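> Below are the structure tokens for one structure; questions will follow.
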Amino acid sequence: GIGRNWAHVNSVDYDPTDDSIIISSRHQSAIIKIGRDKKVKWILGAPDGWQKAWADKVLKPVDKDGNPIKCEQGKCENTTFDWTWTQHTAFRIDSKSDKRFVYLTAFDNGDGRGLEQLWEFGKERGHAWYSPVTSLTQYEADKDSIMVYSATPEMQLVKGKAVGAPNPYLMEFKWGSTEPAVEIRINGSMGYQAMPFRVEKAFHHAK
């Protein structure tokens, strides 16, 4: 019912530098870091509308020179910077992050977008690639690459219900590249998420 799923957390990732977790809250269009003390450390999302208790936790965007970027009503002035909207899978890139700087990947579903990330892909392909729900983005340290699964392209949400049969995309990008090194189209099927796994790691846990 209305109000029961106000957060819709679709990923949880651990940050070993300060024993905290990073969650993706789809219905808040926010990526949130929470300490073991259960207190919010920061919120990555548009600053509008947060209650007083959380407003000072919202991160403030800056340009490449460290100057503040002015943002109101979900839009930022004189920049290509944007937040994620109704996103999925906010994962920390361990090999590139430290205690001060956190690199994240997230699949930006873009629903309800009001509005300078390091990297993005998909706008130029339009609706044929766009996924309104689910999907996944994950950094792969062994290849220094980004794996992207667009789960629901060509599907539409009509009055909260899915209409149309999606044909997902599975892609891998070399770090920094805007063109996929691998692109696979899966016809006539749908999966909520797709991610690589290590056979050796699975075997080790099975033992």
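The values are calculated or read from the model by the stated rules, or taken from the named source; none is laboratory data. Since the model is a prediction, treat every value here as computed from it, not as a measurement. FYI the Cβ positions are ideal-geometry reconstructions off the backbone, even for glycines, and counts take in every protein chain you see. The protein model used for the area step is the full one, side chains on, heavy atoms only, and it has no ligands, DNA or RNA in it. Shrake-Rupley method; radii C 1.70, N 1.55, O 1.52, S 1.80 Å.
> Among the aspartates and glutamates, which fall within straight-line cross-link reach of residue 201, defined as a Cα-Cα distance under 20 Å, with same-chain neighbours fewer than 8 residues apart omitted?
Leaving aside aspartates and glutamates fewer than 8 places away in the same chain, those within reach of residue 201 are 13, 94, 140, 142, 144.
> Ranked highest first by average number of other Cβ atoms within 10 Å, how do 187-197, 128-138 line up?
128-138, 187-197
> Here's something else I'd like to know. Which value, in Å³ per residue, describes the convex hull spanned by the Cα atoms of the chain?
In the chain, the Cα hull volume divided by residue count equals 168 Å³.
> Please pull out the direction-averaged projected area of segment 1-105, using the convex hull of its alpha-carbon atoms, in nm² to one decimal place.
Mean projected area for segment 1-105: 7.5 nm², to one decimal.
> Restricting attention to the alpha-carbon atoms of segment 48-157, what are Rg (one decimal) and Dmax (integer), both in Å?
Every Cα atom of segment 48-157 included, Rg and Dmax give 15.3, 43 Å.
> Using all alpha carbons of segment 1-63, what is the percent of pairwise distances in each 10 Å bin, ordered from the shortest bin to the longest?
Calculated P(r), rounded to whole percents: 21, 51, 26, 2, 0.
> Just the number please: accessible area per residue for the chain, 1.4 Å probe, all protein chains included, in Å².
The answer is 63 Å² per residue.
> Also: How far, in nm, would the chain grow between residue 201 and residue 189 when pulled straight, counting 0.36 nm per residue and subtracting the alpha carbon separation?
Fully extending the segment from residue 201 to residue 189 adds 1.6 nm.
> Given contacts defined as C-alpha pairs under 8 Å and at least six residues apart, what's the relative contact order of segment 1-78, whole-number percent?
Result for segment 1-78 is 17 percent.
> Keeping the other protein chains in place, figure out the carbon and sulfur percent of the accessible area of the chain, with a 1.4 Å probe.
Exposed carbon and sulfur together represent 54 percent of the surface.
> Lys and Arg at +1, Asp and Glu at -1: add these up for the other residues within a Cβ distance under 12 Å of residue 90 and post the number.
Taking every Cβ under 12 Å from that of residue 90, the sum is 0.
> While we're on this one: Taking the alpha-carbon distance from residue 33 and a cut-off under 25 Å, which lysines remain once sequence neighbours fewer than 8 residues away in the same chain are dropped?
Correct list for residue 33: 41, 52, 57, 60, 64, 70, 75, 96, 99.
> If you don't mind, there's one more thing I want to ask. Percent of alpha carbon pairs in segment 34-77 separated by more than 16 Å?
Every Cα pair in segment 34-77 considered, those over 16 Å come to 44 percent.
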